[in-house]
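Values quoted throughout were computed directly from the atomic coordinates according to the rules given, and no laboratory measurement underlies them. Being a predicted model, the structure only gives us computed values, none of them experimental. Ideal geometry is used to build each Cβ from the backbone, glycine not excepted, and the neighbour counts take in all protein chains shown.
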Amino acid sequence: MDFERLLAPIKIGNLELRNRIVFPPIDVQIHSDDRRVQQRYIDFLTSLVQKNGVGLVISEFTSVANDRFWMPASRIDSDKFIPGFEKLVEEVKRHGARIFMQLAMLGGRAPKGKRIAPSAIQSPLYPGVPEEISRDEIQWLIGKWLDAAQRAKRIGFDGVEVHGGHSYLIGEFMSPHSNLREDEYGGDFEGRMRFPTEIIRGIKASCGSDYPVGIKFSAFEALNDGIRGAMAVDIAQWFEKAGVDYLHVSSSTYMLGGTPYPDVPPLFVPEGPLVEFAARIKKRVSVPVITVAGIVTPDFAHTVIAENKADLVALGRAMFADPEWASKIASGREKEIRPCIRCNMCHKKMIIDRAGEVECTVNPGLLKPPLKPSHRRKRVIVVGAGPGGLEAALMASERGHDVVLFEREDEIGGNVRLGCIPPFKSDLKRLLDHYAWRLEKSAVKFIPSQEAHAPEILSKAPDAVVVAAGARELIPSIPGIGDKRVMYAREFYRSQKLHKKGEGRVAVIGAGTVGCELGWYLSILGRKVFLIDILSFDHWLEEEHPTNRLTLLEKLEEWGVNVLDNATDLSLEQGGELVRLRRDGIEYGISTDIVILSAGYTPSESLFNELRARAEGEDSPAIYQVGDCVSVRDIHWAVLEGYEAGIAI
Ligand SMILES: Cc1cc2nc3c(=O)[nH]c(=O)nc-3n(C[C@H](O)[C@H](O)[C@H](O)COP(=O)(O)OP(=O)(O)OC[C@H]3O[C@@H](n4cnc5c(N)ncnc54)[C@H](O)[C@@H]3O)c2cc1C
Ligand SMILES: Cc1cc2nc3c(=O)[nH]c(=O)nc-3n(C[C@H](O)[C@H](O)[C@H](O)COP(=O)(O)O)c2cc1C
Ligand code: SF4
């Protein structure tokens, strides 16, 4: 495919962008403790622009009023915060991209500090009832937005984006759900739009009418009386009249999850779920429209532009996963793109855990210094071609070592090969294809269909061994578990003949992520599914990102999976044909054709332990253990530990 339309220049106001690819605002959590922009953020955006060739970068949300309202972001509410930004702007522009600053405030969603909102109401948006913002405070805040925009202009930003999306303060004013005011800043559509309109008009008046101003806003809110449908178009047209130079069409917030239109969409929803909103808006306005959210593949991005559904496409996570996304398509190397799997680990780390810098599952080198080649070429053996072993082998090879990779199956992928079978997990399949491509072009010697054992490994006198042997099934103590109709989740996935569409009754025991996905998949295949777990439904998938969690749980309901939570006294009878259990004191007997166990996994540690026991003395190799064989987790940890082992050797 040629990507001519995607790569064609476009104007925002009078400002020309070299193409239609945007890196949207992404808070990567590397500002300093006193909320100044850091050199590492400058380096991150600079290298992204340098390698990538995007047209426009919108910098991460930046606080306009941190002096009064807490926000975990860099600040632009005083001149003293200007210096780092000057460097950022200079570097980004030097590499041919344009850069806008996103100006923001949290409002009622603030997890700490003074929490203000248009109305003091309870809402699923808010951690507690916020204070109703006074009219004086509104005026003061409008002033803060204007001051911030003027600073951005003085610094040299090509424009500013007002953050009215994701149900932060401005979005709260715009939404009939959260704005119940009766003064001129609420009451009706015009009243609800007054606060952002005064900000936009004020910026235009103070920075000059030709200074580009855009707005990011939610075209859909999964809330009672939330923004949807025609109202989103009315908002867009209103902003156009108010003078914005572009519209950045997003949706509400990850906290609401489980909607078909999440702001940070997980792999369970189709690519680009918000494009339909942008397309509807684009038909009714003449300023450029940016579409964002869950767009990862070049073909999809190009089709959006080619079919006139939007004027620009923003790709955030896709460019975390591959910071060369745009330059690869520009140079005909789109097949080389490392795909984002929309696992939302990056977002979870930033928003939920607040556990330091953002990381990417498939790109463990994100925000890290470039790799250095090794001083000495070493002989490396890697055992297991799941994500952990693949990443370790490829990294070690890239650094110049001689690498042999053993895999007992005839294909690469480990659990990922099974995990990508359901149709709603095609993002994972792309990752697998990417690893296959990297492996093929690498110097790694891949030996499939061969189980590696400690004596043979050591007999080859390697300098280093990486064990990435994965995990074994946990066997729950359930009477009757050995029956012939009982199988493990991985066995089911391996057994092609069971994947045909057809009727039948299946009990899935264990409602972790694997069990829930399996329940959904089996329903798609036409089976009547009983998903059984000892935990109460409210606690299912608690470790997952909220949007991933709620989407998956809602799919169970949508597809009619029978949820049997709080299940105790489980036993299997009549060769697995009857599953007995007790819930709230009531006994149940469920007749089934097949029982699938998904009760978790335990690390396969034996190879590592044997290698350690046998390899003693000065000549013994360095032995590393990565991924699920250390502790059973997910792709993120397997890849990260594989990467770290690969660069430690
Ligand atoms: C059905 C399913 C779906 C999943 N979906 C997701 C998901 O959507 N997102 C996510 O993050 N995680 C998911 N996971 C978990 C994720 O796949 C694992 O955490 C991850 O694959 C662990 O990687 P690994 O390399 O440590 O081990 P594995 O992927 O298990 O790979 C280990 C490999 O080592 C090989 N091996 C073992 N011993 C030897 C030996 N002695 N010689 C040669 N080869 C050997 C095995 O054959 C296997 O290929 C899923 C897991 C399952 C079971
Ligand atoms: C780690 C992370 C941080 C984000 N920070 C911001 C932000 O500061 N401002 C903003 O408007 N959106 C933010 N977003 C949302 C993105 O701009 C974008 O709307 C969303 O990620 C969907 O696009 P994508 O699928 O291309 O990543 C963030 C998203 C992620 C994953
Ligand atoms: S962490 Fe997951 S969702 Fe985030 S960019 Fe990486 S692959 Fe995509």
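Table for the structure above
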{"item": "Whole-angstrom gap from segment 471-491 to segment 500-525, using each part's C-alpha centre", "result": "15 Å"}
{"item": "Whole-Å distance, taken between Cα centres, linking segment 1-79 and segment 446-466", "result": "46 Å"}
{"item": "All lysines inside 30 Å of Lys87 as judged from Cα atoms, apart from same-chain residues fewer than 8 positions distant", "result": "Lys11, Lys51, Lys144, Lys153, Lys204, Lys216, Lys328, Lys348, Lys349, Lys368, Lys372"}
{"item": "Förster radius 51 Å - calculated FRET efficiency between Trp559 and Trp140, Cβ distance, rounded to 0.05", "result": "0.50"}
{"item": "Between segment 600-649 and segment 391-424, the alpha-carbon center distance in angstrom", "result": "14 Å"}
{"item": "Length-normalised contact order for the chain - Cα pairs under 8 Å, 6+ apart - percent", "result": "11 percent"}
{"item": "Long-range amide H partners of Tyr601 with built H, under 5 Å", "result": "Leu474"}
{"item": "Nitroxide proxy distance, nm - points 7 Å out along Cα→Cβ at Arg68 and Asn224", "result": "3.1 nm"}
{"item": "Mean separation of Cα contacts under 8 Å, 6 or more apart, over the residue count of segment 475-599: relative contact order %", "result": "36 percent"}
{"item": "Cα-centre dipole for the chain with unit charges at Cβ (Lys and Arg positive, Asp and Glu negative), debye to 20", "result": "1380 debye"}
{"item": "Fraction of antiparallel bridges per DSSP, segment 475-599 only, in percent to nearest 5", "result": "40 percent"}
{"item": "Dipole of the chain, positive end: most advanced residue of Val383, Val287, Val563 [Cβ charges, Cα centre]", "result": "Val287"}
{"item": "Square roots of 5 times each gyration tensor eigenvalue, C-alpha, segment 475-599, largest first, Å", "result": "21, 18, 13"}
{"item": "Debye-sum result for the chain in log10 I(q)/I(0), which assumes one identical scatterer on each alpha carbon, at q = 0.05, 0.06, 0.09, 0.11 Å⁻¹", "result": "-0.26, -0.37, -0.81, -1.13"}
{"item": "D_trans [Stokes-Einstein, Kirkwood Rh over alpha-carbon pairs] for segment 1-79, 10 °C, 1.306 mPa s, µm² s⁻¹", "result": "111 µm²/s"}
{"item": "Contact order normalised by residue count of segment 1-84, Cα under 8 Å, 6+ apart, percent", "result": "29 percent"}
